[in-house]
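The values are calculated or read from the model by the stated rules, or taken from the named source; none is laboratory data. Note that the coordinates shown come from a computational prediction; the quantities given were computed from them, not determined experimentally. Cβ atoms come from the backbone with ideal geometry, glycine included; neighbour counts cover every protein chain shown.
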């Protein structure tokens, strides 16, 4: 099996048509989703770039650990890239991240291509496409191979071209006139004033324009890849490391540990070779720790003892679920929050903090009915205290479990 993994960082699921977006056009990604398999409830365990990288490479939960400043893994961690190297399976990393140049990040890859062009440069996406095409051609004669593409295009400062901005629906004021707004390329870390509707709208529209541009560029990448002779034999996996809050609950980006849907719900779309299982939607709970065992099974390799489970049995209709709940956690400085999601509920448990940056009003326990309250607006904890208590006991036990504490 040859596999291409594409991970645009900070991809808010609410801005994709296949996840319910109806006000901006993402035709290329929507077509890709319609032709392949969409996972509807894929949730991060640690919504950060480093947290996702650990989950993808180790298949183990890491949400009980503080976010580090490095992508390096703890000594003794099981690492899929090292496993593939030992199995003599070529692995190529294509990235615009400065960390990709660090020995701790790149030493196990056969080849690392660091994108040199800036996001605002017209050569940025051309370099990506050229690098991906070259890696896939290199693997033409190989039975197995992995190409991993990561891009920070959706991470601020955003790049918004005129066509993307002009294609967005006009903002209509109460008197029927159209409002002229400018892009907000450098967003604030927080929207303290809930009445600041203009800033909120500018945030949404600027991010939407960046997503629209990403969609067009990925569409050009699909067109180029489909011209490869062995394209149909490739498995393609599109996902992200975290969502990107746009002030829906105050914070912008992952500046604070607030585990709402816009941060922890991750797009996941999978193309199997020859478009097998096309147009399927998987509604059970999955997490990034499932990516590692999925890739290993696709490569006919056995998984070590990890927390994730291969998603291929779900795709083949051999299993209905791989877990009953999805847990998440994020620590930022002295503040932390944990959450547990089932198919019917989402429960949030903030950790006590004495930091001057604490915001007590936003730190209470919360409970939301799923999937009805998708964006977690109506806290129903006081109406269902017995449900909250049950979920809190399960979440605390999960966070404190020794098997989830010692690996990073």
Quiz item: Of all the residues that make up region 257-271, how many are within 19 Å of residue 367 (Cα to Cα) and either in a loop (DSSP other than H, G, I, E, B) or touching a helix residue (DSSP H, G or I) at 6+ places or on another chain (Cβ under 6 Å) (or both)?
Solution: 5
Quiz prompt | Residue in region 235-277 that is modelled with the lowest pLDDT, counting only those that are touching a strand residue (DSSP E or B) at 6+ places or on another chain (Cβ under 7 Å), surrounded by fewer than 21 Cβ atoms within 10 Å (Cβ to Cβ) and within 16 Å of residue 188 (Cβ to Cβ) | solution = 255
Quiz item: Among the residues of region 361-385, which ones are under 17 Å from residue 325 (Cα atoms) and not in a loop (DSSP other than H, G, I, E, B)?
Solution: 366, 367, 368, 369
Exercise. Tell me which residues, restricted to region 311-323, are farther than 18 Å from residue 46 by Cα and part of a loop (DSSP other than H, G, I, E, B).
Key: 311, 316, 317, 318, 319, 320, 321, 322
Exercise. Taking the residues in region 52-67 that are modelled with pLDDT under 90 and surrounded by 24 or more Cβ atoms within 10 Å (Cβ to Cβ) as candidates, determine which candidate is farthest from residue 303 (Cα to Cα).
Key: 63
Practice problem: Would you point out which residue out of 300, 290 is at positive phi and at pLDDT 95 or above? | Solution: 300
Quiz prompt | In region 218-234, residue nearest to the chain's Cα centre (by Cα) [restricted to those that are surrounded by 14 or more Cβ atoms within 10 Å (Cβ to Cβ) and closer than 19 Å to residue 25 by Cβ] | solution = 218
Quiz item: Of (1) farther than 21 Å from residue 5 by Cβ; (2) buried (at least 17 other Cβ atoms within 10 Å of the Cβ); (3) free of Cβ contacts under 8 Å to residues at least 40 places away in the same chain, residue 309 satisfies all except one. Which?
Solution: (1)
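Listed here are the residues, each with its yes/no results for (1) farther than 29 Å from residue 373 by Cβ; (2) outside the structural domain of residue 33 (by TED's automatic domain parsing); (3) touching a residue at least 12 places away in the same chain (Cβ under 8 Å).
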position: 191; (1), (2), (3): no, no, yes
position: 196; (1), (2), (3): no, no, no
position: 212; (1), (2), (3): no, no, yes
position: 215; (1), (2), (3): no, no, yes
position: 233; (1), (2), (3): yes, no, yes
position: 247; (1), (2), (3): no, no, yes
position: 263; (1), (2), (3): no, no, yes
Self-check item: Extreme residue, nearest to residue 369 (Cα to Cα), among residues of region 326-344 that are assigned to a loop (DSSP other than H, G, I, E, B) and modelled with pLDDT of 95 or more
Solution: 344
Quiz item: Restricting attention to region 337-349, which residues are more than 20 Å from the chain's Cα centre (by Cα), surrounded by fewer than 24 Cβ atoms within 10 Å (Cβ to Cβ) and touching a residue at least 40 places away in the same chain (Cβ under 8 Å)?
Solution: 345, 349
Quiz item: Which of the residues spanning region 111-161 are part of a helix (DSSP H, G or I) and farther than 30 Å from residue 205 by Cβ?
Solution: 130, 131, 133, 134, 135, 136, 137, 138
Quiz item: Which of the residues belonging to region 272-293 are over 16 Å from residue 36 (Cβ atoms) and part of a loop (DSSP other than H, G, I, E, B)?
Solution: 287
Quiz prompt | Condition check for residue 228: part of a helix (DSSP H, G or I), at pLDDT below 95 and in contact with a strand residue (DSSP E or B) (Cβ under 9 Å, 6 or more places away or on another chain) | solution = no
